[in-house]
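*Asks:* Below: one structure in C-alpha cells.
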Amino acid sequence: MEQKEFNQFKKVIDEKYPACEKYLISDGVEFYIEPNFYTQLKFFEERFASHYPEIINELINNVKRNKKVVFTADYEQPVVYEDDFVYQEIEDITNKLKIFSGYKSRGSDYGD
C-alpha cells in the first residue's frame, strides 16, 4: 500500500517484516508503520481532515525525538519486534494534540 505521507523519506525493504513499511529519515533515525496503524491513521484523515497535517507532523517529530519508532495498533502485540525501538500507538500521537476519536471498543453487546 502506498503511504504518500512518507514519500519524502527513503523507503527500506525489511525482509523480516514484508507487510510493514520501514522508512529512514537519516542515519539512525528510522520508523516502521504497521498495517493496522496505517488503517487507524487513515481513519483520522477521514474524520479529522483539517488536523491530519498536524498528526503527520507530530508523528515525524516523534521519530526525530526517539530515533527508532514502531507505529503499531497494539504495543502489547506488535507485528514488528525490535529491541531498540520505541513503540507508539495512534493515541500516543493524537492525544498529545488533543484530538480524540471517541471510539471505544466495547466488545459484543449481545452476551453469550
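Quick note: the coordinates plus some simple rules give every number you see, no bench work behind them. What you see is a predicted model, and the numbers here were worked out from it, not measured in a lab. With ideal geometry, Cβ positions are generated from the backbone for all residues, glycine too; neighbour counts draw on all protein chains shown.
*Asks:* Between the helical axis of 52-66 and the dominant principal axis of the chain, each derived from Cα atoms, what acute angle in degrees is found, rounded to the nearest 10?
*Replies:* Helix 52-66 sits roughly 50 degrees off the main axis of the chain.
*Asks:* Taking the Cβ of LEU97 as the centre, find all other residues whose Cβ is under 12 Å away and add up their charges (Lys, Arg: +1; Asp, Glu: -1).
*Replies:* -2
*Asks:* Let me ask something additional. Rank by packing, highest mean first: peptides 62-75, 11-24, 81-94, with packing defined as the count of other Cβ atoms within 10 Å averaged across residues.
*Replies:* 62-75, 81-94, 11-24
*Asks:* Now, a different point. Of [x] 1.97; [y] 1.51; [z] 1.11, which is the value of Cα Rg over 2.2 N^0.38 Å derived from the coordinates here?
*Replies:* Calculated Cα Rg over 2.2 N^0.38 Å: the matching label is [z].
*Asks:* How about LYS4: which lysines have a C-alpha closer than 22 Å to its C-alpha, ignoring those fewer than 8 places off in the same chain?
*Replies:* Excluding near neighbours in sequence, the set is LYS22, LYS42, LYS64, LYS67, LYS68.
*Asks:* Just from its helices, what would the mean residue ellipticity at 222 nm be for the chain, if runs of 4 or more DSSP H residues each count -39500 (n - 2.57) and the sum is divided by every residue, rounded to the nearest 500 deg cm²/dmol?
*Replies:* Calculated mean residue ellipticity at 222 nm is -9000 deg cm²/dmol.
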